[in-house]
Structures are given as structure tokens and as C-alpha cells.
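What follows is a single structure, written as C-alpha cells, with notes after it.
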Amino acid sequence: MRNLVIGGVLVGLVVLAAVLSFFWTPFDPVRVDAAHRLLGFGGSNLFGTDKFGRDLLSQIMVGARTTLYVGVVAVGIAAVIGTPLGILAGMSPRWLGEFVMRVNDLVLAFPALLLAIMFGAVFGADTLTAMVAIGIATIPSFARIARSGTLQVMSTEFVLAARAGGRSRLTIAVRHVLPNISGLLIVQASVSFAIAVLAEAALSFLGFGTRPPTPSWGRMLQESQELLTVQPRLALVPGIAIAVAVLGFNLLGDGLRDRLDPRLAARV
Amino acid sequence: MTAKVLRRVAIFVVSVLVASIVVFLFMAVLPGDPAQVALGVNATPELLAKTRAEFGIDRPLVTQYFDWIGGVLHGDFGRSYVTRDTIGPQLLDRLGVTLWLVGAGMLVALVIAIPAGTFAAVKHRKASGAGVSGLSQIGVAIPAFLAGIILVQIFAVQLRWLPSGGWTPPDQDAGEFLRGLILPALSLGLVQGAVLTRYVRSAVLDTLGQDYLRTARSKGLRPGQALVRHGLRNASVPVVTVLGLQLATLLIGAVVVERVFVLPGLGSMLLDAVSSRDLLTVQGIVLVLVVGVLLVNFVVDVLYTVLDPRLRGS
């Protein structure tokens, strides 16, 4: 319960910052203001300003939008493709299930970061290629969890009854399997979201993610590097933002798992 | 057991083959002409045709693939379209740096995770155990490159104990080599250590409730002895699986950490090759990394069978 609450609050904070940024930010996040360069904490700019005089808090708020955007699209791609594949693998004859899982393992050999760099080399690096790459790399986790859940549901008596009653495979998949594995999928989505946030930050840090001037936490960190010795604050602020988002989604995932499967509550 | 291992070998070989085709096709369908990239926009059509022939990219894709993969099997990754140097020797050199980093990172992770995870499990009802769990949760949320930036700030900039980056080969100066490896390995390993701690805790916690541990205690073993002799081996099965997955994560995480510490590894070679559109080099590096991940998964699968006798027959 504690995980769920703390996770919920942290994620809520990120979502709030992102939503609020559509209507209001303390300053224009991309406005260059040479007169107010490198201001410290406090004052009119709560988190200070960067080397161009841009307000850090405003950048963090709009950056939250980028982070959530990447997470939602990447996890969406993974869930929409991975879940049916996993259910298919769990419901079909053994050989087909095995085949789907082998292909799955092969995709697993292309981690998100590597895939995004490859996509960047081919299509040019930006937020879209990063999202798609992270999404594709996350498909196997959804397929795996959906398959193992499906195998469990398929051995239950109510599925046996539905099959005896002549229901089609599709009906069984949609009416019985999907609702029963939705808990597992929600937990997976939360954990995958945290991984997507980390991947986007790493990619932007390497210059393969969100392009300037759109604010992104990873790129803020990268830009902070040249002034790190004199202004560690520039790295600290986006660093904490990333950690808060990742911690939030991980705790939320853990909390939901405890909620949905009390047997696991004492473990991880 | 032999049949099971042989089956794994077959799956591994087929996976590598398919992965190599995927990597090759991905790079081959690229928009843009490597000859044009190499020569610039003012190249004459004759020169372009000559360069294409020189690169071998005017031949059918199937021929190109077999030519490339045949070379790779002999350690020949071709010549860079941009620098015209042979890719293989440089790749091998860079791989060495990355493997040092990954190995040291793994060591850091294990040294942290096994005691911390076991402690958190044994003391799971105490505040100290919960504290370790909480710390690991925070550790998981810190990206390796951020850990790197913080470590550089503390140990290189403020305290001046260790270099902030750069690479000294081990055969040149072993002391400098180690000093240079500490911060990158820590930034890579601390985060993975936090992830691993959670799994070690969960696995040890699982074995603590088992009957065989109670039997071991009733034989007269002290709790610590029972845990070390009987519990940890059983706990190692799920941990080895995660370790394998993490090794793959470390290999890719090294790409970012190499950037922070300016290490001449495979990751920085990949990023440089991408920015100069040196596609044959990109292709070679991606293949090496992907095969690395597949190899790790294969070894984990086999180890799994060896560690857990119950899986041998099934």
C-alpha cells in the first residue's frame, strides 16, 4: 500500500507538471535571456537559469511533457503489439507458440538504446524514432507476460466451459483471457514506463532523442556537462526529475503488483 | 541434458544467423548512397559508379550479404566507407575496452548486490532491511550516466582522487588503468547493483521459508551456515537469469558511460560511426553487440540447466 501511495504521488507530480505546462509555466522555457544567465536557486527563478538564461523550472515542466509523451507512445506500441502476440502464443498450438516466443527472443537481442541508435542512423534522430525504437524493444516484455498469463487462464475451468460451449477462440481471448491478464499488463506497463523514461533520457543525453529547442530532461543533463564544475545545479535539477519519474513508475508498478497479487506483497 | 544443451546451441546459431540478416537488411534499405556520402555532392557519375563497385554495393543484396557475413566469420568486417580503414582490428581493440568496463561494472554490481540483498532478506522485518530495500529502489531510478556525472563531480573535480575520464591500456600502466576504470565501473555497476539487490533479496526470501532450510537447521546448522550451504545455491537460479539479462543491459549501458568518461570503447565507436554515416562500421558494431546479447542469453540458458537439476529432464 505504501509503494502504491508514494508511487502514485510521484507520478502524479510529473503528470501535474506536464499538464500545467500546457497552460502556464513561470517563464517561457525556450526564451534566451542573456541578462539572467546562470542564476542560482531561489529568487524569481526557483530552480535558477541555464547558460542561456532559460528558466530551469519551466524547462523541467515542459520536459515532463516530453517524458510522458515518449513513455505513453512507447508503452502503447509495446502493449498493442505485444499483448495480442502473447495471447496468440499462449492459445495456439505448441509449435506456433514456440515460434512466436523465439521471434520474441530475437527482438530482445536488440535493446532499446541500440535500436534507437540504428533508427537514428537510418531515419534521423528525433523524439519519434526514439519512441518507436523504445516501443519495439519493449514488445517482448509484454508478449512474455501476456503469454504466461494466458497459459494460466487457459487451464482454468471457466475457459474449459466456454470452449465446451462452442465459443470461438477470439471470443475466449477477448472475454476471458484479456480481462484476467489485465492486472499483469498494467503492472508491466508501469514498469516499462520507467524503463522508457530512462531510455529517452539516455538517448537525449547522447543526442539521439528529442531535438533542441524542445526541452528534454536527458538533453538538459547533457548540456549541463560543460559547466558541471561551476554549476552542478544544472545537472542536479534534471537528474532529480528523471529519478523522481522512474522511482514513481517503479513504485507504482510494485504497489499495483502487491494489490493485484497479495502473495507477492512480502517479496520484492 | 545433452539433448537440451544441443537444442540451445541450435537455437543460438539460428538466432545469430537471423539477427545478422536483420542487421544487414536494415542497413541495406537505408535511404542514401554510401558512395555519395563518401565522395560528397560534387562527385561525377563515373566516380560514383567506380566507388560503388569498389565498395561492392552495386552487386545483388544476397551476394553482398554472403560476402559480408563470410568475411565477418573470418574476422574481416570490411573497410570503412569513410576512412577506408579495415574495420575488424579497430573493432576488436574497442571491444576490449568495453569488455573491461562491463566486467568491472558486473563485479561492482555483484559485490554490492549479494551481501546487500541477502541482508535485506534476512532482516526483512527490521528497519535495517527495509532501509536497504528503499536504497536499492532509489538506486534503480538513477540513470548510469547521471551516476557518472555525480561521481566525476565528487571524486575527480572536488577530491581530485581519480581521473575524470580517458583510458590507459592495462599493458601500458596497470596502476593508471585501474584508476581510470574505477569511476566508469562504479557508475555502471552501482545502478545494476541496485537492480540486482532487489532480485537477490526476493530469491533469498523465497528460500528462507523452504522446508529444506528448516531441515538443515534441525540438523544443527546455525542460520548463517544453513543459508550459505543450502539457501544461496537455490537462490542463485533466478539470480543467474537476471544476471544474464543484466549483462546485456550493461553491454548497452556501457555505450552511454563511455560517452561520459570519453573511453575509446565500442559505444563511442558506434556513436562516431553514426554521426559520420559510416554505415558498414555501424553494421559491424551492431552485429557484435547483438551477438553479444544473444551469447549471454545462451550461456544463461545452459547455466540454468546445470544449476537446477529439475530442469534437466523436462
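Bear in mind that the values in this text are calculations on the coordinates, not laboratory data. Predicted, not measured: the structure shown is a model, and the values here were computed from it. Cβ atoms come from the backbone with ideal geometry, glycine included; neighbour counts cover every protein chain shown.
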In this structure, the FRET efficiency calculated for B:His74 and B:Ala10 from their beta-carbon separation, with R0 = 22 Å, to the nearest 0.05, is 0.45
Could you work out the per residue convex hull volume over the alpha carbons of chain B, in cubic angstrom?
176
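Return the FRET efficiency for the residue pair A:Arg259, A:Gln225: r is the Cβ-Cβ distance, R0 is 51 Å, and the value is rounded to the nearest 0.05.
0.80
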Can you sort A:Tyr69, B:Tyr212 so the residue with the fewest Cβ neighbours within 10 Å comes first?
B:Tyr212, A:Tyr69
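To the nearest 20 debye, what charge dipole does chain B have about its Cα centre, counting +1 at the Cβ of each Lys and Arg and -1 at the Cβ of each Asp and Glu?
I would put it at about 1940 debye.
Quick one: putting +1 on the C-beta of Lys and Arg, -1 on the C-beta of Asp and Glu, what dipole do you get for the protein assembly as shown around its Cα centre, in Debye to the nearest 20?
2460
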Taking the Cα centre of region B:153-224 as the origin and placing charges on Cβ (Lys, Arg +1; Asp, Glu -1), which of B:Trp161, B:Leu181, B:Val204 is farthest toward the positive end of the dipole?
B:Val204
Looking at region B:73-127, which trypsin sites (Lys or Arg not before Pro) are DSSP coil and have at most 13 other C-beta atoms within 10 Å of their C-beta?
B:Arg84, B:Arg125, B:Lys126
Helical mean residue ellipticity (222 nm; -39500 (n - 2.57) per DSSP H run of 4+; nearest 500) of chain A:
-24000 deg cm²/dmol
Cα-based equivalent ellipsoid of region A:41-265: semi-axis lengths in Å, sorted from largest, via gyration tensor:
41, 19, 12
One would report the Cα pair-distance distribution of region B:1-153, bin width 10 Å, in %, as 8, 21, 21, 21, 17, 9, 3, 1
Projected-area mean, the protein assembly as shown, by convex hull of Cα positions, square nanometres:
32.3
Along the charge dipole of the protein assembly as shown, which of B:Ile112, A:Pro29, A:Ile240 sits closest to the positive end, that is, farthest toward it, with unit charges on the beta carbon of Lys, Arg, Asp and Glu (+1, +1, -1, -1)?
B:Ile112
Between A:Phe52 and B:Val262, what is the spin-label point distance in nm, taking each point 7 Å from the Cα along the Cα→C-beta axis?
2.5
For A:Lys51, counting only aspartates and glutamates whose alpha-carbon sits under 19 Å away and dropping same-chain residues fewer than eight positions off, the answer is A:Asp28, A:Asp33, A:Glu223, A:Glu226
Report the full-extension gain for the segment B:Asp93 to B:Arg214: residue separation times 0.36 nm, less the Cα-Cα distance, to one decimal in nm.
38.4 nm
Proximal aspartates and glutamates to B:Lys123, defined as alpha-carbon separation beneath 15 angstrom and excluding residues fewer than eight positions away on the same chain
B:Asp206
Please give the FRET efficiency for B:Val111 paired with B:Thr63, using the beta carbon to beta carbon distance and R0 = 51 Å, rounded to the nearest 0.05.
0.55
Could you calculate the contour length gain from A:Ile240 to A:Ala35, that is, 0.36 nm times the residue separation minus the distance between their Cα atoms, to one decimal place in nm?
71.1 nm
Using mean Cβ contacts within 10 Å as the protection proxy, how do B:162-168, B:96-102 order, highest first?
B:96-102, B:162-168
For B:Thr2 and B:Ile21 in one chain, what is 0.36 nm times their gap in residues minus the Cα-Cα distance, to one decimal in nm?
4.0 nm
Starting from the Cα of A:Arg167, move 7 Å in the Cα-to-Cβ direction to define the label point; list residues of region A:175-190 whose amide nitrogen is under 17 Å from there.
A:175-183
Check: region A:41-265 dipole with +1 on Lys, Arg Cβ and -1 on Asp, Glu Cβ, in debye:
640
Which of the aspartates and glutamates could be linked to B:Lys219 by a straight reach, that is with a Cα gap under 17 Å, when you skip same-chain ones fewer than 8 residues away?
B:Asp211
Under 8 Å for C-alpha pairs, at least 6 residues apart: give me the relative contact order for region B:147-239, rounded to a whole percent.
23
